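Each remark here refers to the structure printed beneath this line.
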Amino acid sequence: MTNLSLYLPNKKNGRNFSLLAADIGGTKTSLGLFKVEETRITLLNEKTFPSQRYHSFDDILDEYLKNCLDTPPDILSIGVAGPVVNNSVKLTNLSWSIDAKLLQQNRDWNKVCLLNDLEATAYGLAGVTKEDLATLYSGEQKAGNIAVLAPGTGLGEAGLFWDGKYYRPFATEGGHSEFSPRTELDVELFHYLRKESPLISWEYLISGAGIHRIYSFLREIKGYKEPAWLTEKLNTEDPAAVISHTAMRELNDACIKAMQLFVSYMAREATSLVLKLKATGGLYLGGGIPPKIYPLLRDELFRQQFIQSDRMEVLLQHVPIHLLLKSRAALIGAAYYGAFGKDV
């Protein structure tokens, strides 16, 4: 496991029970059944559902409970991509709403927990092993706040506050803060994107859809050529995956440039997050995209862009940078929170 000591107030409750954890994102929803034995959790089974094919989380829950479980679990703990307020949420990239209190009443759970998916990812660091991490830069390992940045369908951001003894995860909605152009090319891209929306957030660029937007700008405004084979793949497959894979194989200049810009923007927003949190304890990159573009993040471009911050370079150059290879971090984190976090 990582050496992170998370604040989990019920870690020594000495109870054994079953728990169903959920990780709900704009693209997929994962459900996992866990066995909780005193201070340990064990994943027994897991199933993933395409979120867009369902009208609500209840529909997925019904299907899972009917087909995958004989006995309902004691606790339901849900990590969800959206701002959780008063134990309810309207998802950012889905037309779903979830109310933990109603879920508990309607289905007779002992406890229902609801937390932001990046907060869940932060809790999931407690269950991550060294094999689940790739260190992009070792830096200086020290106690201090930690930042988590996770691009996927959207852009998630979270932090872990170091209180001197424990790390305490917390959610943010920093991915929706405004994009800040730095170069002349950034300004051109900004004006191009303003045709779609009057407000351009970092999520608008640092996400799967963002990769496609950057590529489209290069093709339509900067005159990069698109061969017929690439047009066909973009029309029939996931554009972000096509662009990133093509760039890593160095098959098209527009794709290469698009991913260079994407990595640069990702690094720049990571810089802002680390500085705002004073995250000297490290930066963790999670979400669906970073593991798939590991070769691009391993190059010097990401760290070069990350440490460019005028007088704060002295702080940034020592910050460790880790890549979360484990796609289950948010699911495991939701389980940790439901099993050992605060009572709700």
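Any read-out appearing in this document is the output of simple, stated calculations on the displayed coordinates, not a laboratory observation. Here the structure is a predicted model, which is why all the values come from computation and not from measurement. Because the Cβ atoms are built from the backbone with ideal geometry, glycine has one as well, and the counts that use them run over all protein chains shown.
Could you check the spin-label model distance between residue 315 and residue 55? Points 7 Å from the Cα along Cα→Cβ, value in nm.
5.0 nm
With a 10 Å Cβ neighbour count serving as the proxy for reagent exposure, in which order, fewest first, do 176, 55, 191, 322 appear? Can you show the working numbers first?
Working: 176 16, 55 9, 191 13, 322 24.
Final ranking by Cβ density, sparse to dense: 55, 191, 176, 322.
Explain nothing, just the number: relative contact order of the range 171-214, from Cα pairs under 8 Å at least 6 residues apart, as a whole percent.
Reported relative contact order: 41 percent.
Which residue, 325, 69, 149, has the most motion in a Gaussian network model of the chain that connects Cα atoms within less than 10 Å?
69
Highest GNM mean-square fluctuation, the chain, Cα pairs closer than 10 Å: which of 252, 86, 116?
86
Over 30 Å between Cα atoms: which of 142/292; 35/276; 66/233; 90/292; 90/130 fall into that group? Let's see the in-between values first.
On the way: 142/292 28 Å; 35/276 37 Å; 66/233 38 Å; 90/292 28 Å; 90/130 35 Å.
The pairs that break the limit, which is 30 Å between Cα atoms, are 35/276; 66/233; 90/130.
Which whole-Hz couplings ³J(HN,Hα) result when phi for each residue of the range 305-318 is put into the Karplus expression 6.51 cos²θ - 1.76 cosθ + 1.60, θ = phi - 60°, listed in order with x for Gly and Pro?
5, 5, 8, 6, 8, 6, 6, 8, 4, 5, 7, 5, 5, 9
Assuming a ≥ b ≥ c are the square roots of the Cα gyration tensor eigenvalues, decide whether the range 134-325 counts as rounded (a/c under 1.5), prolate (otherwise, with a/b larger than b/c) or oblate. Present the calculation step by step, with values, prior to reporting the outcome.
Details: a/c = 2.01, a/b = 1.75, b/c = 1.15.
Note, shape of the range 134-325 comes out prolate.
Given springs between every Cα pair under 10 Å in a Gaussian network model of the chain, which of 254, 158, 81 has the largest fluctuation?
It is 254.
Among the GluC sites (Glu not before Pro) in the range 236-344, which ones are in a DSSP loop with at most 14 other Cβ atoms within 10 Å of the Cβ? Mind listing them? List each step's numbers first, then the result.
Numbers: sites: 237, 250, 269, 300, 313; in loops: 237, 250.
Hits after loop and neighbour filter: 237, 250.
Which helices, counted as full DSSP H runs in the chain, have an axial Cα extent of no less than 24 Å and a Kyte-Doolittle average of 0.5 or above? Numbers along the way, then the final one.
On the way: long enough: 253-277 (36 Å, 0.72).
Within the chain the helices that satisfy the rule are 253-277.
Could you give me the ³J(HN,Hα) list for the range 42-51, computed from phi with Karplus coefficients 6.51, -1.76, 1.60 and θ = phi - 60°, whole Hz, x at Gly and Pro?
The phi angles translate into 10, 7, 9, 7, 8, 9, 10, 10, x, 4 Hz.
When only C-alpha pairs under 8 Å and at least 6 residues apart count, what is the relative contact order of the chain, in percent? Working shown, then result.
Details: 704 pairs, mean separation 83.0, N = 344.
Relative contact order, the chain: 24 percent.
Can you tell me how the range 243-293 classifies by the Cα gyration tensor, rounded, prolate or oblate, using a/c under 1.5 as the rounded cut? Let's see the in-between values first.
Working: a/c = 4.21, a/b = 2.26, b/c = 1.86.
Note, shape of the range 243-293 comes out prolate.
In nanometres, what is the gap between the two model label sites at residue 42 and residue 70, each 7 Å from Cα along Cα-to-Cβ?
1.6 nm
From zero outward in steps of 5 Å, how is the percent of C-alpha pairs of the range 208-254 spread across the bins?
Calculated P(r), rounded to whole percents: 5, 23, 35, 31, 6.
Quick check on the chain: of the DSSP beta bridges with both residues there, what percent are antiparallel, nearest 5%? Don't skip to the answer; put the middle values down first.
On the way: 39 of 59 bridges.
Taking every DSSP beta bridge within the chain, about 65 percent pair in antiparallel fashion.
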